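Participant: Mind having a look at this structure? Questions to follow.
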Amino acid sequence: MQTELQTLLRAIKQFLIYSLAASVAIGMLCLDVTLTGNQFGEYSGVQITQELMLLSVIILFSILAVKRPEIRQSSILIAGFFGCMFIRELDSFFDLISHGFWIYPALAITAVCLIMVSFNIRQTLKQLAEYTRSPSYGFMIAGLVCILVFSRLFGMKYIWYGLDPEHSKYLLYHIKSAVEEGTELFGYSLCFISAFYYRSEIGKK
């Protein structure tokens with residue numbers, strides 16, 4: 001009885017935590033609308049929160065790579081993947097150097113991470129496969145789908161401009177931006193929580 005109750009309480013706790021992720025996304029959108037009107041630029045609360053969550057995921061997996069040799073290769077690859085996403089989010093700053101310059105540091109991170117794990121490919125694949133069996137993996141995938149797929153498709157101009165051709169495209173553009181950025185932030189929240197839970201799982205082993 002005690003075990004079943006603990007399991008149910010843990011499930012309720014998870015529901016509340018992931019509900020908080022959704023609330024954070026909407027809360028930051030409301031904050032930006034209140035403070036900046038309808039601007040979701042590089043210095044908006046939504047964008048900064050996205051970058052902080054990305055950075056947190058990178059740090060969590062980097063710590064695992066250093067402290068846990070049994071998952072070092074997979075953690076390096078995951079940290080590197082999110083490192084590339086972090087650089088992509090900062091593309092406007094890299095554009096000050098040259099348009100599209102972000103691709104070069106992203107490629108450098110990719111190359112370094114691939115070289116670091118290339119000395120034991122079999123072990124790397126084994127660790128990645130083991131990670132997919134983690135309970136937190138499903139939420140990581142859900143977060144990435146929100147960021148890389150759903151937000152892009154849901155934010156297509158074709159959808160929003162086609163809703164009301166007579167309406168102001170300026171207004172529809174900002175609605176589209178809010179939906180896209182809010183969905184991305186929700187995805188980043190899921191990835192952050194997933195990474196945090198995964199670190200806790202590993203710490204118990």
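The values are calculated or read from the model by the stated rules, or taken from the named source; none is laboratory data. What you are looking at is a predicted structure, and each value in this text was computed from that prediction instead of being measured. Glycine gets a Cβ as well: all are built from the backbone with ideal geometry, and neighbour counts include every protein chain shown. To get the accessible areas, we keep the full protein, side chains included, count just its heavy atoms, and leave off ligands, DNA and RNA. Shrake-Rupley method; radii C 1.70, N 1.55, O 1.52, S 1.80 Å.
Participant: Using the structure shown, decide if LEU190 is of a type in the set (A, V, I, L, M), surrounded by 18 or more Cβ atoms within 10 Å (Cβ to Cβ), assigned to a helix (DSSP H, G or I) and modelled with pLDDT of 90 or more.
Facilitator: Yes, satisfied.
Participant: Would you mind stating whether ALA65 is in contact (Cβ under 8 Å) with a residue 12 or more places away in the chain and of a type in the set (Gly, Ala, Ser)?
Facilitator: yes
Participant: For the stretch 43-54, indicate whether the set of residues that are free of Cβ contacts under 8 Å to residues at least 12 places away in the same chain, aromatic (Phe, Trp, Tyr) and part of a helix (DSSP H, G or I) is non-empty.
Facilitator: Within the stretch 43-54, none of the residues are free of Cβ contacts under 8 Å to residues at least 12 places away in the same chain, aromatic (Phe, Trp, Tyr) and part of a helix (DSSP H, G or I).
Participant: Filter the stretch 85-115 down to residues that are farther than 26 Å from ARG72 by Cα and surrounded by 13 or more Cβ atoms within 10 Å (Cβ to Cβ), then give me how many there are.
Facilitator: So the count comes out to 5.
Participant: Of all the residues that make up the stretch 74-84, how many are in contact with a Pro (Cβ under 9 Å, 6 or more places away or on another chain) and open to solvent by 50 Å² or more (accessible area, probe 1.4 Å)?
Facilitator: Qualifying residue count for the region: 0.
Participant: To continue, here is another question. Could you pull out the residue among SER136, SER118 that is open to solvent by less than 50 Å² (accessible area, probe 1.4 Å) and of a type in the set (Gly, Ala, Ser)? Quick ask: steps written out before the conclusion?
Facilitator: Details: SER118 fails: open to solvent by less than 50 Å² (accessible area, probe 1.4 Å).
None of the others qualify; the one that does is SER136.
Participant: Checking ILE76 against (1) under 21 Å from GLY187 (Cβ atoms); (2) at pLDDT 95 or above; (3) not basic (Lys, Arg): exactly one of these is not met. Which one?
Facilitator: Going through (1) under 21 Å from GLY187 (Cβ atoms); (2) at pLDDT 95 or above; (3) not basic (Lys, Arg) one by one, ILE76 breaks only (1).
Participant: Within the stretch 41-73, how many residues turn out to be surrounded by fewer than 16 Cβ atoms within 10 Å (Cβ to Cβ), among the β-branched types (Val, Ile, Thr) and at pLDDT below 90?
Facilitator: Residues in the stretch 41-73 being surrounded by fewer than 16 Cβ atoms within 10 Å (Cβ to Cβ), among the β-branched types (Val, Ile, Thr) and at pLDDT below 90: 1 in total.
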